[in-house]
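Student: Could you have a look at this structure, given as structure tokens, before my questions?
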Amino acid sequence: MLDFKSVTIADKNKINDFIPDSCKQICDFSFGNIFSWGIAENTRIAEKDGFLFLRSRFNGVKSYAFPWGQGDIKTALAILSDDAKERNVDFSFYCLSEEQVYILKSIYGDRFVFEEQRDFFDYVYLSEKLSSLSGRKLHSKKNHVNSFLKKYNFTLEDLNEGNLKECLAFSHIWHKNGPRNVKLDEEMIVIEKAFDNYFELGLYGVVLKVDGNIIAYALGEPMADGKTFCTHFEKASPDFPTAYAAVNKLFAEKLEKDFQYINREDDAGSEGLRKAKLSYKPEYLVKKYYGKIV
């Protein structure tokens, strides 16, 4: 049985060194997400024979990530298969890329069954488009932002040591006044963990204020491909309906010079969130699959 352990900050370089190209744009495999969501999803890692193995409770189902490493993939899969048998759990996989689905299908044939996880597809945008909101399709978004900029006495600050606690307090207020559900309760725990380890994780964010008070923020981290920034959290006060549009654009303006793409993560099956993310006209969606050996 593999010796799985909790993910710590000390594992950051190791995980980033192991991550394969096919996973470098999947938001779930950014180190910040692996570490922060690990507390809610019980994410664990193990090493053996030159491979790194991840195990997590993704979408409520305990599964493995496709093995990461440079050795013989059949050997690595055999190690995972044995681990699943010893634990008496399904030999199943979460967040598979299209390339990994192809590999598993070629090895296991009809024994490997899989399905798209549309609720967890990542939305990836060109930074320049989110920054400029140019073109007819994004005209209404630009109008919302311009209305905000003209109406309010606002400032935009980098999220830093001086406003970190204030921003976390804003998150608690947002959560307290929002809808009650288990997923949002879990997210608040994850946000706290991300804020507590903000600098060690290498996160970057901005804080939008009106008359000196926080009304919105956004934060995330660079992804392993070197050209994509992943936005993990965006929160805005319901008292400012256009604040989400404003902080999204202003954050993109900050990111555009260093990153070609912005991954705004998935919609988790929320109809409203899906509609909102599609309305920004993503450049493409990062597909993810669930699969298992039967």
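The values are calculated or read from the model by the stated rules, or taken from the named source; none is laboratory data. Just so you know, these numbers come straight off a predicted model, no measurement behind them. For neighbour counting, all protein chains shown are included, and Cβ atoms are generated from backbone atoms with ideal geometry for every residue, glycine included.
Student: Identify all residues within segment 59-77 that are assigned to a strand (DSSP E or B) and free of Cβ contacts under 8 Å to residues at least 60 places away in the same chain; write none if there are none.
Tutor: Within segment 59-77, Lys62, Tyr64, Trp68, Gly69 qualify.
Student: Here is a list: Leu2, Leu54. Which entry is aliphatic (A, V, I, L, M) and in a strand (DSSP E or B)?
Tutor: So the residue among Leu2, Leu54 that is aliphatic (A, V, I, L, M) and in a strand (DSSP E or B) is Leu54.
Student: Looking at Leu80, Leu130, can you tell me which residue is surrounded by 15 or more Cβ atoms within 10 Å (Cβ to Cβ), assigned to a helix (DSSP H, G or I) and in contact with a helix residue (DSSP H, G or I) (Cβ under 7 Å, 6 or more places away or on another chain)?
Tutor: Exactly one residue qualifies, and that residue is Leu130.
Student: Same structure, new question: Please go through segment 249-294 and pick out each residue that is of a type in the set (A, V, I, L, M) and either crowded, with 17+ Cβ neighbours inside 10 Å or over 14 Å from the mean Cα position of the chain (by Cα) (or both).
Tutor: Within segment 249-294, Leu250, Ala252, Leu255, Ile262, Leu273, Ala276, Leu278, Val286, Ile293, Val294 qualify.
Student: Please enumerate the residues belonging to segment 255-278 that are among the basic types (Lys, Arg) and within 16 Å of Glu221 (Cβ to Cβ).
Tutor: Arg264, the sole residue that qualifies.
Student: Of all residues in segment 154-177, count the ones that are closer than 21 Å to Thr242 by Cα, modelled with pLDDT of 95 or more and among the polar types (S, T, N, Q).
Tutor: 2
For (1) under 28 Å from Ala10 (Cα atoms); (2) buried (at least 22 other Cβ atoms within 10 Å of the Cβ), each residue gets a yes or a no:
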{"position": "Cys23", "(1), (2)": "yes, yes"}
{"position": "Ser36", "(1), (2)": "yes, yes"}
{"position": "Ile39", "(1), (2)": "yes, no"}
{"position": "Ala46", "(1), (2)": "yes, no"}
{"position": "Leu52", "(1), (2)": "yes, no"}
{"position": "Arg57", "(1), (2)": "yes, no"}
{"position": "Glu86", "(1), (2)": "no, no"}
{"position": "Phe91", "(1), (2)": "no, no"}
{"position": "Glu98", "(1), (2)": "no, no"}
